[in-house]
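The values are calculated or read from the model by the stated rules, or taken from the named source; none is laboratory data. Quick caveat, the model's predicted, so the values are computed rather than measured. For neighbour counting, all protein chains shown are included, and Cβ atoms are generated from backbone atoms with ideal geometry for every residue, glycine included. Quick note on the areas: whole protein, heavy atoms, side chains included, nothing else; ligands and nucleic acids left out. Shrake-Rupley method; radii C 1.70, N 1.55, O 1.52, S 1.80 Å.
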Amino acid sequence: MAPGIMTKLLKILFVLVLFGGVAGVGVVGLAVWYFGRDLPDYQQLTNYQPPVVTRVYAGDGRLLSEYATEKRVFVPVSAMPPLVIHAFLAAEDRNFYSHPGIDPLSMVRAAVTDLFRLAEHRRPVGASTITQQVAKNFLLTNELSLQRKIREALIAIRMEQVMSKDRILELYLNGIYLGGGTYGVAAAALNYFNKPLDELSVDEAAFLAALPKAPNHYNPLRHPEAAKDRRDWVIDRMVDAGFIMPQQGRDAKAQPIILRKRDATEMARADYFNEEVRRELIARYGDRTVYEGGLLVRTSLDPGLQADADKALRGALEAYDRRHGWRGPVAHILLADDWQSQLAAVPIPAGAADVGWSLAVVLSTEHNAATIGFADGGHGQIPYDELRWARKELSDNALGPVPATAGSAVAAGDVVLVQRLDASGKVYGLRQIPDVSGALVALDPHTGRVLAMSGGFSFAMSQFDRATQAKRQTGSAIKPFIYLAALDHGFTPSTLVLDAPFVVDQGPGLPKWNPTNYEHRFYGPVPLFFGLQESLNLVTARVGTTVGLPIVAQYLVQRFGILDAMPLEDSYILGAGVTTPLRLTTAYAMLVNGGKLIHPTFIDRVQDRNGATIYRADDRPCVGCNNVAWTGQAPPELPDQRAQIADARSCYQVVSMLEGVVQRGTGRIVSSVGKPLAGKTGTTNDSNDTWFVGFAPDLVAGVFVGFDQPRSLGKHEVGATAAAPAFRDFMAAALKGKPGIPFRIPPGIELVRINGRTGQLAKTGDRNVIWGAFKPGTEPTGEPSQVVSGNGVTLGVGELAPNGNEAGGTQPAPRSGTGGLY
């Protein structure tokens, strides 16, 4: 060929190559522009924090609950062992620390492989780097398309320009899904091998690195051969990359895959308390922070007291339910060869399993026992003594006769709930889920820290928390605060108040108010403490009307926060207002703590994922508390910032009177605890609501028992029978083994020996002598006493001197004169 022609051909070829190159660059540039127009903001990953589990702990450090959308334990890459990092690099991206975000050689190899796989209609293998996987997992979808792959590559390249390799690897190792509901290598190490990362062996680290490709397919329980093959492939890759020695590889491949169940975490159980904490956290921080923010929450819960509270409340609810009869079996089946399968098909009532009860079928009955069978083929007996309570429930709270034999209570084929009573599993008791419900809450009276809370028989049965959500009438449980108002306004524990029929004209258009005592008997003039001790409605009514409704409202609403609001109606003196058990119990706490304002708290402290404290319930300043080595010095003194809402002396007088309620009055059932206790029963009209709220010097507890849809608990059910047993049992357990501590007497109180019936100074020979608490100068003198007869008017010549009303009061203090309403 002539030289000229050759030169011309070369020029043409050069021009074609040049134009081809320019066109190629243009196509690539156009593709980059087109696919890069709406790329997600990859720079957000610079400060990205993956969702982390929020953990809630009880006061003793035991785990109470975890909240999470993804089970993950975040570990900085700097804290990860090299073995784990090397295993994932060998399996997923050997050139991670050298490529710019994509690996062209791997992409070419994958393209060739994928041509053959596509021809066989198999899924392409791809060649995504770790950076590309981070881009896909955090910013894109799992869509199989060329467009997604191009966008993934573009994002990966740009990520590498603004983020360090270690940051990208940290996001990957903490964010990758590894099966079993776990995200990240730290959670997976615990889930599969019950080990922290730094204790993993070569074969275990290689197994984890084998999972990202297909966690379910490489599950060793379902696909053991595939799991081992994939793990061994990762081990070979680690050897090829020089991460481990060949002998280490051979030893690791010789190991079987042995999964180890994660150790059971010792957890505290407090379902209603836990739910209250969850609601408070969400109200403070929102759902996303609670479920993804990795908060560390320390609560005030005392797990021991919580167990005592659950047991005491359930025991009281069961006891009440038994007193009102047996409502019959859960179901009835025909006894045949397939009775076990029939029994297994019967759904267990909600809440039964929660308290450890089981379903059984009565196989036969004898005079003194019933033989029962279980779905697993086991057998047992219910002795007659455990069946005697099962009197049939009739109408109008009437009960049938006591069963004469076991067969009078249950019949063959009856499916019943039972509870195991002995270690051998042969003796059982007959049970039924109570219709009635209730609540028990206990707290520290000095701080307001809620130590235990049971909001019902079973959280599985009902999530409605009667301790914080049920607003019920207080009945006589409100009376201590009426008496406190009186003691702050001129009354003494020995002030005589008339216990006799009483009618008040409430004004135009309103009916006359004529309260009466529960037992419809009248004592005549009685000392103030006796009226509270015996829960005399007529005495309380006279005291409240004498003090005045505006002052009563001030104590019940503004000072103690029992009620949200109080109409100036006389019925509120005897407990017509509604409140929750938590609020009423908190108010009682402020009596025993000397009139100091507290608020109930469930959460002591909250820390964010970095350990910084973002909430603390006790926000008092503490100079010298932080970063101080303890060398035996005394703890620092913290200021008492609690507001004084009532006279500490008057509060103690009420405490002393409530101690008399337990020792001699309507709360005598509680005295069997044998420790200094004080408290008050409460029963509303028709026995719809029953209460017992009381305290030891350093522990206050309140119990409510009633139906969720208010109706009578029964003609003879009152606070002393329905609610007080739960308080008694709780306090007996909570104070067991602890010394009895007397109630603390504030300055300005004198204890005087008085007659327990008349309130006058004790005389020689008096048999009913008690200690009365008096402010100096108000002790009984032995002189004739005036009698408070109601509506601010007194009879006779008296010892009481008015100390004036507080702002807002319109009624006079007790004064001399004649008259009164009867």
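Only one entry in A612, A589 is hydrophobic (A, V, I, L, M, F, W, C) and in contact with a His (Cβ under 9 Å, 6 or more places away or on another chain), namely A589.
Of the strands (runs of 3 or more DSSP E) that lie entirely inside the stretch 387-480, those containing 1 or more residues that are within 21 Å of L591 (Cβ to Cβ) and touching a residue at least 24 places away in the same chain (Cβ under 8 Å) span 437-443, 450-454. Just wondering, is there one or more residues in the stretch 308-317 that are aliphatic (A, V, I, L, M), in contact with a Leu (Cβ under 8 Å, 6 or more places away or on another chain), at pLDDT 95 or above and more than 30 Å from A442 (Cβ to Cβ)? Within the stretch 308-317, none of the residues are aliphatic (A, V, I, L, M), in contact with a Leu (Cβ under 8 Å, 6 or more places away or on another chain), at pLDDT 95 or above and more than 30 Å from A442 (Cβ to Cβ).
Can you find a residue in the stretch 476-486 that is in contact with a Ser or Thr (Cβ under 8 Å, 6 or more places away or on another chain), modelled with pLDDT of 95 or more, open to solvent by 10 Å² or more (accessible area, probe 1.4 Å) and small (G, A, S)? Checking the stretch 476-486: at least one residue is in contact with a Ser or Thr (Cβ under 8 Å, 6 or more places away or on another chain), modelled with pLDDT of 95 or more, open to solvent by 10 Å² or more (accessible area, probe 1.4 Å) and small (G, A, S). Residues of the stretch 40-59 being modelled with pLDDT of 95 or more and in a loop (DSSP other than H, G, I, E, B), which ones? Answer for the stretch 40-59, where residues must be modelled with pLDDT of 95 or more and in a loop (DSSP other than H, G, I, E, B): A58, G59. Residues in the stretch 181-196 that are open to solvent by 10 Å² or more (accessible area, probe 1.4 Å), closer than 12 Å to E70 by Cβ and part of a loop (DSSP other than H, G, I, E, B): G181 alone. The condition of being open to solvent by 40 Å² or more (accessible area, probe 1.4 Å), among the charged types (D, E, K, R) and either under 30 Å from A307 (Cα atoms) or touching a residue at least 60 places away in the same chain (Cβ under 8 Å) (or both) holds for only one of E225, E170, E199, E266, that being E266. Being part of a loop (DSSP other than H, G, I, E, B) and touching a residue at least 24 places away in the same chain (Cβ under 8 Å) narrows it down to one of G777, G759, G737, so name that one. Result: G759 is the single residue among G777, G759, G737 that is part of a loop (DSSP other than H, G, I, E, B) and touching a residue at least 24 places away in the same chain (Cβ under 8 Å). On the stretch given as the stretch 357-374, residues that are in contact (Cβ under 8 Å) with a residue 40 or more places away in the chain, part of a loop (DSSP other than H, G, I, E, B) and open to solvent by less than 50 Å² (accessible area, probe 1.4 Å) total 1. Take the conditions within 30 Å of the chain's Cα centre (by Cα) and farther than 19 Å from I478 by Cα and apply them to K675. Does it pass? Yes: the conditions hold for K675.
Taking the conditions exactly as written (within 27 Å of the chain's Cα centre (by Cα) and open to solvent by less than 10 Å² (accessible area, probe 1.4 Å)), does L591 satisfy them or not? When the stated conditions are applied, L591 passes them.
Every residue, every condition in (1) of a type in the set (K, R); (2) within 22 Å of L334 (Cβ to Cβ); (3) out of contact with any strand residue (DSSP E or B) (no Cβ under 6 Å at 6 or more places or on another chain), yes or no:
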| residue | (1), (2), (3) |
| --- | --- |
| A404 | no, no, yes |
| D414 | no, yes, no |
| A423 | no, no, yes |
| V441 | no, no, no |
